[in-house]
Amino acid sequence: MKHIRSISEIGKAGVLAIVERAKQMSEINSRPVPKVPALRGKTVVSLFLEDSTRTRLSFETAAKRLSAETMNFSVSTSSVNKGESLRDTIETISDMGVDAFVVRHKSSGIPWQIEQWTDASIINAGDGAHQHPTQALVDCFTVSEAFGVDSFEGLTISIVGDIRHSRVARSNVEAFAMLGAKVIIVAPSTLLPPDVGHWPVTISNDIDDVIGTTDILYMLRLQSERMDQGLIPNLSEYGNRFGLTEKRVSQLPLNARIMHPGPMNRGVEMQVDPSHLSQSLIHRQVANGVSVRMAVLFTALTLNDDRDHAIQGLSKEAAQ
Ligand code: NCD
């Protein structure tokens, strides 16, 4: 797997392999010195043309823990501000000798376009409302860790909120369904994607109908920056109908868990402080972000020829 761009390209076997590899990375992260030489000599560029906190920092941390060199591209101080095109930017950085681009961009499909301009691996860190495969991998790993399962057969996962604008929803629905979960999406009809009829999901427009039977309640941020028309009456009515309140938390089944990819809109979809909720997996999602992105970089950057050598680089002995 040279490129990590969408869940369908990765496929079920690929998802399971990365989740499995992430367990090994998580063991490395629990060591007093969480660093191994597995990607020594490789260079990873972060090319974020849209804002990010957790995805960007977790990729950077992941690359460093595997001993890769990192290059950080910041739009505000780059020649993009002088009008340089994305193609020229990619070709210029490629000429310096890089092995992977971690790309976030507001347009869907950019990771496939970039492939034409470089020989490096392309890792999709979010393209428009299209895909965010590494978030889905983080979430599969987190569910697998919390429930102690590899197959999600028998689990009901309800994804609630702004499905229409969410690349996380698109990637997660595919990945969760691939691993066998029953997926319900809960949203007002204005926030459903036009092609939802083809998704492997059940649709509801009432969170209270699903809350009592859901194992994982996955809340999404209302993405006001991607809305060009009034799709909801107002924030407070949206929050009352689709937000997570104390009452709704109390209606969840005993072993149910709550997830959110961040950033959260407190007082809108999150009307409770999740730090006080024993059911919350939100901190695990962030922590697991580093291990899973280590697994992603390792998978993309060690093709058959150097994999055996790199795998030795994961061991404790090699770290010393
Ligand atoms: C998400 C994103 O950027 O797609 N955040 C993330 O990567 N953790 C979700 C969002 O912006 O709401």
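The values are calculated or read from the model by the stated rules, or taken from the named source; none is laboratory data. Quick caveat: nothing in here was measured; it's all calculated off a predicted structure. No Cβ is skipped: glycine too gets one built from the backbone with ideal geometry, and neighbour counts run over all protein chains shown. Calculation scope for accessible area: heavy atoms of the full protein, side chains included, ligands and nucleic acids excluded. Shrake-Rupley method; radii C 1.70, N 1.55, O 1.52, S 1.80 Å.
Structure notes:
- Matching residues in the range 170-186 - criterion: being more than 14 Å from residue 216 (Cα to Cα), of a type outside the set (S, T, N, Q) and outside any loop (DSSP other than H, G, I, E, B): 170, 174, 175, 178
- Conditions (1) in contact with a helix residue (DSSP H, G or I) (Cβ under 9 Å, 6 or more places away or on another chain); (2) closer than 24 Å to residue 209 by Cβ; (3) part of a helix (DSSP H, G or I); number of the one not met by residue 258: (3)
- Selected residue (only one of 272, 286, 268 is within 28 Å of residue 32 (Cα to Cα) and not hydroxyl-bearing (Ser, Thr, Tyr)): 286
- Residue within the range 111-128 that is touching a residue at least 12 places away in the same chain (Cβ under 8 Å), hydroxyl-bearing (Ser, Thr, Tyr) and closer than 25 Å to residue 34 by Cβ present: yes
- Here the condition is being of a type outside the set (Asp, Glu) and in contact with a strand residue (DSSP E or B) (Cβ under 8 Å, 6 or more places away or on another chain); of 56, 40, 31, 21, it holds for 56 alone.
- Of all residues in the range 123-144, one or more are of a type in the set (A, V, I, L, M, F, W, C), crowded, with 17+ Cβ neighbours inside 10 Å and more than 29 Å from residue 242 (Cα to Cα).
- Residue in the range 224-247 that is closer than 20 Å to residue 144 by Cα and in a strand (DSSP E or B) present: no
- Scanning the range 26-49 for residues that are open to solvent by 40 Å² or more (accessible area, probe 1.4 Å) and within 16 Å of the ligand (Cβ to nearest atom) yields one hit, 49.
- Residues of the range 71-113 satisfying the condition of being open to solvent by 70 Å² or more (accessible area, probe 1.4 Å) and within 16 Å of the ligand (Cβ to nearest atom): 106, 108
- Odd one out for residue 116, checked against (1) away from the ligand (no atom under 12 Å from the Cβ); (2) under 29 Å from residue 53 (Cα atoms); (3) outside any strand (DSSP E or B); (4) not assigned by TED's automatic domain parsing to the domain that holds residue 299: (4)
- Taken together, 21, 56 contain a single residue that is touching a residue at least 40 places away in the same chain (Cβ under 8 Å) and within 17 Å of residue 312 (Cα to Cα), which is 21.
- Residue 175 buried (at least 23 other Cβ atoms within 10 Å of the Cβ), touching a residue at least 24 places away in the same chain (Cβ under 8 Å) and in contact with a Cys (Cβ under 7 Å, 6 or more places away or on another chain): yes
- Taken over the range 130-169, the criterion of being part of a helix (DSSP H, G or I), among the polar types (S, T, N, Q) and under 12 Å from the mean Cα position of the chain (by Cα) is satisfied by 134, 135, 142.
- Of everything in the range 213-238 that is within 16 Å of the ligand (Cβ to nearest atom), farther than 18 Å from residue 278 by Cα and not aliphatic (A, V, I, L, M), the residue that is nearest to the chain's Cα centre (by Cα) is 221.
- Candidate set: the range 259-298, residues that are of a type in the set (Lys, Arg) and open to solvent by 20 Å² or more (accessible area, probe 1.4 Å); chosen: the one nearest to residue 244 (Cα to Cα): 266
- Of the criteria (1) acidic (Asp, Glu); (2) in contact with a Ser or Thr (Cβ under 8 Å, 6 or more places away or on another chain); (3) in a helix (DSSP H, G or I), which one residue 84 fails: (3)
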